[in-house]
1. What number goes with the only condition from (1) hydrophobic (A, V, I, L, M, F, W, C); (2) under 27 Å from Asn75 (Cα atoms); (3) not in a loop (DSSP other than H, G, I, E, B) that Phe260 does not pass?
2. Kindly indicate whether any position in region 242-252 is β-branched (Val, Ile, Thr), modelled with pLDDT of 85 or more and in contact with a Pro (Cβ under 6 Å, 6 or more places away or on another chain).
3. List pairs: first in region 262-283 and touching a residue at least 12 places away in the same chain (Cβ under 8 Å) and within 17 Å of Ser250 (Cβ to Cβ), second assigned to a helix (DSSP H, G or I) and of a type in the set (Val, Ile, Thr), Cβ under 6 Å, 6+ apart or cross-chain?
4. Within region 66-78, can one find any residue that is within 19 Å of the chain's Cα centre (by Cα), of a type in the set (A, V, I, L, M) and over 20 Å from Leu5 (Cβ atoms)?
5. Just checking: which of the strands (runs of 3 or more DSSP E) contained wholly in region 20-64 hold 1 or more residues that are within 17 Å of Asn119 (Cβ to Cβ)?
6. Which of (1) loosely packed, with under 15 Cβ neighbours inside 10 Å; (2) in a helix (DSSP H, G or I); (3) under 24 Å from the mean Cα position of the chain (by Cα) does Lys248 not meet, given it meets every other one?
Amino acid sequence: MKLHLLDRSSLENHSFKISHHSYPNFIKVWHYHPELELVAILQSSGTRFIGDNIEQFKKGEVVLIGKDLPHMWLNDKEYFEGDINLTAQAKAIHFKECFAGEGFLKMPEMSYISNLLKNSRYGIKFLGDTTSIIKQINKLEKLSGVDKAVCFIQLLNLLAVHQNFDLLSSVGFVDSFKMSGEKNLGEVYEFIIKNFKENISLNDVAKVANMNPSAFSRFFKRVNRKTYSEYLNGVRVGYACKLLIEEKYSISEICFDSGFNNISNFNRQFKKTMNYSPSDYMKLHLKKKV
């Protein structure tokens with residue numbers, strides 16, 4: 001899962017650009033770009049990767065992704081089996097942080113929108129009823145000129161005052177992803193996300209960072225505020241949550257597919273991270289569906 005910088009240079013003649021994507025499945029590209037991206041999922045389901053966050057996604061989800069934050073939507077495997085009745089559809093808006101000029105976000109009236117864009121560096125998932133947000137996106141698509149610009153600012157305000165949301169990626173990931181010189185951890189996070197199901201040791205990851213294990217361990221803990229093993233277990237537990245929510249596999253299967261080598265360690269690490277055992281987490285999810 002190589003990390004790609006995508007070219008959005010078509011934005012040079014626009015303040016923002018809206019696109020309607022409709023494919024058999026979303027493209028499996030782990031990527032980033034200097035533009036912010038607002039995504040509304042219209043059809044399909046699967047696993048969403050934003051920074052070091054791994055969760056299930058489904059129809060109706062709205063997410064705002066900050067500049068240079070790596071992300072990918074990976075559809076469930078049935079979307080790759082040629083069923084013409086299954087499509088992956090989304091609307092995406094790409095825009096620069098300074099889309100309205102350097103002084104725009106410094107205006108007192110724009111403080112809520114300014115805070116929204118600052119928080120977007122972690123990735124924001126908007127929870128609860130997102131109907132009004134999606135309606136505004138659909139409206140935006142039909143407008144032009146000044147009306148389109150005003151509608152876009154109104155859309156950002158809707159997002160800014162939406163009080164039910166989750167920040168997705170961790171502070172440690174965001175603060176260290178684009179570090180300079182030898183301490184750039186981008187390749188390290190890519191390696192972890194690609195190989196978390198395997199038995200990857202501290203030595204393995206230190207080699208990717210071109211550091212000796214002791215120095216890397218100290219550096220990683222300082223940047224992420226957790227040890228490498230705690231971070232790796234967090235990624236594995238996040239993936240396990242996605243599998244539990246899908247209700248397609250036994251807890252034993254999920255344990256090993258998430259990279260844990262025994263049930264007792266899986267249960268211990270899961271409860272430490274989520275405050276629930278895997279079985280209780282599944283029961284809680286089932287209650288929410290009723």
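The values are calculated or read from the model by the stated rules, or taken from the named source; none is laboratory data. All figures in this text were calculated on a predicted structure; none of them were measured in a lab. Don't worry about glycine lacking a Cβ; one is built from the backbone with ideal geometry, like all the others, and counts go over all protein chains shown.
1. Of everything listed in (1) hydrophobic (A, V, I, L, M, F, W, C); (2) under 27 Å from Asn75 (Cα atoms); (3) not in a loop (DSSP other than H, G, I, E, B), Phe260 misses just condition (3).
2. yes
3. Once the first residue is touching a residue at least 12 places away in the same chain (Cβ under 8 Å) and within 17 Å of Ser250 (Cβ to Cβ) and sits in region 262-283, its partners that are assigned to a helix (DSSP H, G or I) and of a type in the set (Val, Ile, Thr) give Phe270/Val237; Pro278/Ile251.
4. Within region 66-78 (the criterion being within 19 Å of the chain's Cα centre (by Cα), of a type in the set (A, V, I, L, M) and over 20 Å from Leu5 (Cβ atoms)), the answer is no, since none of the residues qualifies.
5. It comes to 36-43, 46-50, 53-57.
6. (2)
Residue-by-condition table, conditions (1) assigned to a helix (DSSP H, G or I); (2) surrounded by 21 or more Cβ atoms within 10 Å (Cβ to Cβ); (3) at pLDDT 95 or above:
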position: Lys67; (1), (2), (3): no, no, no
position: Phe99; (1), (2), (3): no, no, no
position: Glu102; (1), (2), (3): no, no, no
position: Ser120; (1), (2), (3): yes, yes, yes
position: Val146; (1), (2), (3): yes, no, no
position: Asn157; (1), (2), (3): yes, no, yes
position: Ser169; (1), (2), (3): no, yes, no
position: Gly172; (1), (2), (3): yes, no, no
